[in-house]
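Enquirer: Once you've had a glance at the structure underneath, I'll fire off some questions.
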Amino acid sequence: MIELAREIVGTQPILAVFLAIGAGYLVGQINLGGFSLGVGAVLFVGLAIGAFAPKASIIGPIGLTGLIMFLYGIGILYGRQFFEGMTGAAGIKYNALALIAVAAGLLVALGLGQIYGIKIGHTLGIFAGSMTSTATLQAGLDVMQNKDPSIGYSIAYPFGVIGPILCIYFMTRHIKPTFPPKAQKFHMGEVTLGDQYRGRTLDDVANDLPPDVQVTMVRKNQHNVVPSADIVLSAGDGVMLIAERLDDLGTAAQRLGKLEPGRIVKDRSALDYIRVFVGKASLVGIPLAKLPLPAGFATHLLHVRRYDMDIVPRPDLTLEFGDRVGVLMPPERREEIRKHFGDTVKATAEFSYVSLGLGMVMGVLLGLIPIPIPGVGTVTLGIGGGPLLVALIVGRLRRTGPLLWVMPLPANIVLRNFGLAIFLAAVGINAGQPFVRTVAESGLTMLFIGAAVLLTTVIIVLLIGYYVMKVPFDDLVGVASGATGNPSILVYSTRMAPTDRPDIGYAMIFPSMTIAKVIAVQIVGLLATSGGA
């Protein structure tokens, strides 16, 4: 029976891949003291399958296709935050800190590998596994032209996940940082105007408001109306205000008159409110200031709800598939509004396959371009770096003419996780047999080197960042998460620092450090294979 199972698994690669994915996700859900491998467990189940069925081999571009899907999804998601961070002083400082830490980790890997006589392919894999970087692993496989990096990666990977979590845990306990409660970014209030606004226009009122406060509805002569700059107001008229900060709303109320809730929202006779999904490509990626709205009747966008957060509708905000838009309009115009926005829950998973295919093609082509490095040879961004860089760029652009580059978060998550699972399954299955042999010979030594690499990188980020560079702690754990790379580390960081700053730090660091690791591994591999190291 066992031999039959070996034969079936060994001769059916697609079966082996999906067995690794299904069983891997099952194992990845096991939680021990708050730690779980998540999608990383697919790699270890793949190794077990490869060891169990020696004939199992995943050939062709299956694994590489999964890697491209993962990296492209990352780039699309973080493109805007990455470039905004890179142009600011904080982003440059944080990337410099992460680069120093990653470079130190690579030097530790090479030095200890040399001392303990570890093969260079295994050493590069240990470095990639310590950083839990699939793109770096692929760069190592490309330059070494054998399975050695997969073995080192597999041994170092578990501590590459749990090590940063432990470091962040102990650092948090040591310094005991405090954070303000997570602020709601959408506030609404109804204000009754004082005598000073008798005979003045709504434009005058808007000029007296704090910069981030907007008038979204006016109550005049016992009727609610859509705001217009030339409306002449009277004392006792009401305005509905929205703002990102509650303090700004309070300041505005003091300037205009007094808060008096209930007058406006209870009356839906002239203006009604409806939430609709954004499901039309023609409305996605367009700034709200240029967004076409139905003609023939008054409408106004009250707010945008993206996933679990309400957003003030700024003029430069662009809609995405699956956004829910709060619209004010005459009650009898509900169906026209739904039709205009393409109201459907399916929009949460909509994206352009044309732009997806074109973006991935451009990424693969960019990865093939040789980059000459004097004294070393030529390196490329490869399958790891090319698609990631292109995705970052188009993720920043959001839209180019008719091409919509972005995709809803649910669709992005599916693309990334499925792609990563395919890649890890293929790598694990192909490396199963040599993994068993290597662990028996020098597994503990390689595990020690991986731990040293990881601790060097994380400790440099945390200690130098906090005590020397005075980086705020919530920014710092985001930088540490991005330098090491695994998303589960970021999830833990947001629990230790419950603000939005860890996500921003991760977005600024992860893409640039991924590209830096890919190029560094290629350079080291070229030097080693050409006899230069």
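Enquirer: Ordering Val143, Val225 by how much accessible area each has at a 1.4 Å probe, largest first, what is the list?
Expert: Val225, Val143
Enquirer: Quick check on the chain: helices-only [θ] at 222 nm, where DSSP H runs of length 4 and up contribute -39,500 (n - 2.57) each and the sum goes over total residues. Nearest 500, please.
Expert: Using -39500 (n - 2.57) per qualifying helix, the result is -19000 deg cm²/dmol.
Enquirer: Hey, if you drop one equal point scatterer on each alpha-carbon of the stretch 427-533 and run the Debye formula without solvent, what base-10 log of I(q)/I(0) do you get at q = 0.12, 0.14, 0.17, 0.24 Å⁻¹?
Expert: -0.57, -0.74, -0.95, -1.22
Enquirer: Counting only C-alpha contacts under 8 Å and six or more residues apart, can you give the relative contact order of the chain as a whole percent?
Expert: Relative CO of the chain lands at 26 percent.
Enquirer: Any chance you could get the radius of gyration and Dmax over the Cα atoms of the stretch 304-345, in Å?
Expert: 11.1, 29
Enquirer: With viscosity set to 1.567 mPa s at 4 °C, what whole-number translational diffusion coefficient in µm²/s follows for the stretch 318-423 from Stokes-Einstein and a Kirkwood radius over Cα pairs?
Expert: Diffusion coefficient, whole number: 79 µm²/s.
Enquirer: If you don't mind, there's one more thing I want to ask. Whenever you get a sec, compute what percent of the accessible area on the chain sits on carbon and sulfur atoms (1.4 Å probe).
Expert: 64 percent
Enquirer: Can I ask one more? Can you compute the equivalent ellipsoid semi-axes for the stretch 217-334, i.e. the square root of 5 times each eigenvalue of the Cα gyration tensor, sorted largest first and rounded to whole Å?
Expert: Sorted largest first and rounded, they come to 26, 18, 13 Å.
Enquirer: Convex hull over the alpha-carbon atoms of the chain: what's its volume per residue in Å³?
Expert: Residue-normalised Cα hull volume stands at 178 Å³.
Enquirer: Based on a Kirkwood Rh over C-alpha pairs, give the Stokes-Einstein translational diffusion coefficient of the stretch 320-379 at 37 °C and viscosity 0.692 mPa s in µm²/s.
Expert: Rounded to a whole number, D works out at 207 µm²/s.
Enquirer: With the Cα gyration tensor of the stretch 180-286 in hand, convert its eigenvalues to equivalent ellipsoid semi-axes via √(5λ) and list them largest first in whole Å.
Expert: Each semi-axis is the square root of five times an eigenvalue, giving 24, 19, 14 Å.
Enquirer: Now a separate question. Distance in nm between label sites at Ala90 and Arg198, each 7 Å beyond Cα in the beta-carbon direction?
Expert: For the pair Ala90/Arg198, the computed spacing is 4.8 nm.
Enquirer: Treat each spin label as a single point 7 Å out from the Cα along the C-beta direction, and report the Arg495 to Ser234 distance in nm.
Expert: Inter-label distance under the simple model: 5.9 nm.
Enquirer: In addition: Over the stretch 14-124, with a single point scatterer placed on each C-alpha, what log10 of the ratio I(q)/I(0) does the Debye formula yield at q = 0.17 1/Å?
Expert: Each listed q maps to, in turn, -1.16.
Enquirer: Turning to a different aspect of this structure: Per residue, how much accessible area does the chain have with a 1.4 Å probe, in Å²?
Expert: Per-residue accessible area for the chain comes out at 43 Å².
Enquirer: Please grab the % of Cα pairs in the stretch 124-185 that end up more than 17 Å from each other.
Expert: Counting pairs separated by more than 17 Å, the tail of P(r) holds 53 percent.
Enquirer: Based on the Cβ-Cβ distance from Leu301 to Ser269, what FRET efficiency comes out when R0 is 25 Å, to the nearest 0.05?
Expert: Calculated value: 0.75.
Enquirer: Okay, moving on. Rg over Rh of the stretch 48-188, using C-alpha atoms and the Kirkwood radius, what does it come to?
Expert: Looking at the stretch 48-188, the ratio lands at 1.06.
Enquirer: Also: Using a 7 Å offset from the Cα along the Cα-to-Cβ direction at both Thr251 and Thr11, what is the distance between the two label points in nm, to one decimal?
Expert: So the label points at Thr251 and Thr11 sit 7.5 nm apart.
Enquirer: Something else about it: Of all the C-alpha pairs in the stretch 349-481, what % are more than 26 Å from each other?
Expert: Summing the P(r) tail past 26 Å for the stretch 349-481 gives 55 percent.
Enquirer: Which whole-number percent of Cα pairs in the stretch 210-264 have a distance greater than 12 Å?
Expert: Cα-Cα pairs in the stretch 210-264 separated by more than 12 Å: 65 percent.
The values are calculated or read from the model by the stated rules, or taken from the named source; none is laboratory data. Here the structure is a predicted model, which means the values were calculated and not measured. Note: ideal-geometry Cβ built from the backbone for every residue, glycine included; neighbour counts use all protein chains shown. For the accessible areas, the whole protein counts, side chains as well, though only heavy atoms, and no ligand, DNA or RNA atoms are used. Shrake-Rupley method; radii C 1.70, N 1.55, O 1.52, S 1.80 Å.
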